[in-house]
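The values are calculated or read from the model by the stated rules, or taken from the named source; none is laboratory data. Just so we're clear, the structure is a prediction, and the values are computed from it rather than from any experiment. Every residue, glycine as well, gets a Cβ built from its backbone with ideal geometry; the counts of neighbours run over all protein chains shown. Remember, those area values only see protein heavy atoms, side chains included, never the ligands or the DNA or RNA. Shrake-Rupley method; radii C 1.70, N 1.55, O 1.52, S 1.80 Å.
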Amino acid sequence: MRLRNVEGSIQAVEEHERVISEPKDYKGKWHDFFGNTHPIEIEIGMGKGDFIIENARKYPNKNFIGIEKFSAVLFRATEKIDAMEMLPNLIFLRFDAIDIHEVFAKDEVQKIYLNFSDPWPKDRWAKRRLTYHKYLEKYAQFLDESGCIEFKTDNNPLFEFSLEEIEQSKFRLVEVTRDLHRSDYKPDNIMTEYETRFLKQNKKINYLKLIYR
């Protein structure tokens, strides 16, 4: 059974108190939603949530928003938070990132995480990749002036593509490594589900960080 087809997941996600299915209604109002002015960080394509949940636990003075379009995958994340102490600084959005610029207002987000995004390997699918320059333009619309993007992937062609797309954008590359776990950036790294699996397979993890020029 494919995870995205788990029976009952759609209804369970729709009814979960930490999931927002119509996030466009909150554009420009996310700090009001959280009830504070703490920085907001988002993960696009959060999968089963290990990374964003651990961030929320580790950094209680930041707000975290995990975004996932597949209900069955998001359902697994809700199961995890149901089994632990309440994290008031964490919410999930069931949403397709193609309209991400319609969810957040100018300067509303401080950091974007793109972790092991779908590589969309065929050339005709390039525009669907989350590091395509048109997506980067959307992110620029709501990142604050000190904001950044962090990207991790095991997929070398996607990483090369991303480096090329950055050259067409208004972002500047400030950190880059083709072997994250043997780099100076490792101490601050929080693992994702995929990352744990890939390391066991001795795969190298590519990493980069962008800021707006």
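Hey, with R₀ at 35 Å, roughly what FRET efficiency would residue 84 and residue 29 work out to, going by the Cβ-Cβ distance, to 0.05?
0.85
Starting from the coordinates of the alpha-carbon atoms of the stretch 1-136, obtain the Kirkwood hydrodynamic radius over all distinct pairs and give the value in Å to one decimal.
Taking every pair of different Cα atoms in the stretch 1-136, averaging 1/r and inverting gives 15.4 Å.
Where the Cα atoms of the stretch 85-213 are projected onto their three principal axes, how long is each span, largest first, in whole Å?
For the stretch 85-213, the Cα spread along each principal axis is 44, 40, 27 Å.
In deg cm²/dmol and to the nearest 500, what is the mean residue ellipticity at 222 nm of the chain if only DSSP H runs of at least 4 residues count, each as -39500 (n - 2.57), divided by the residue total?
Rounded to the nearest 500, the figure is -8000 deg cm²/dmol.
Write down the accessible area per residue of the chain in Å², having rolled a 1.4 Å probe over the full set of protein chains.
On the way: 11410 Å² over 213 residues.
Here the residues of the chain average 54 Å² of exposed surface.
Given points 7 Å out from each Cα along the Cα-Cβ axis, report the residue 182 to residue 197 separation in nanometres with one decimal.
Each label point is offset 7 Å from its Cα along the Cβ direction, giving 2.4 nm.
Keeping the other protein chains in place, figure out the carbon and sulfur percent of the accessible area of the chain, with a 1.4 Å probe.
Ligands and nucleic acids excluded, carbon and sulfur give 46 percent.
Would you mind calculating the relative contact order of the chain from Cα pairs under 8 angstrom and at least 6 residues apart, reporting the percent as a whole number?
20 percent
Tell me whether the stretch 36-105 comes out rounded, prolate or oblate; compute the Cα gyration tensor, take square roots of the eigenvalues as a ≥ b ≥ c, and use a/c under 1.5 as the rounded threshold.
oblate
Starting at the first residue of the stretch 20-26, write each ³J(HN,Hα) from the Karplus equation 6.51 cos²θ - 1.76 cosθ + 1.60 with θ = phi - 60°, in whole Hz, x for Gly and Pro.
10, 9, 10, x, 4, 5, 9
Assigning unit charges at the beta carbon (Lys, Arg +1; Asp, Glu -1) and nothing else, what dipole magnitude in debye, to the nearest 20, does the chain show about its Cα centre?
Using Cβ point charges on Lys, Arg, Asp and Glu, the chain gives about 660 debye.
Report the gain in length on full extension from residue 14 to residue 37: 0.36 nm times residue separation, minus Cα-Cα distance, nm rounded to one decimal.
Details: separation 23, 0.36 × 23 = 8.28 nm, distance 2.70 nm.
Value of the extension gain: 5.6 nm.
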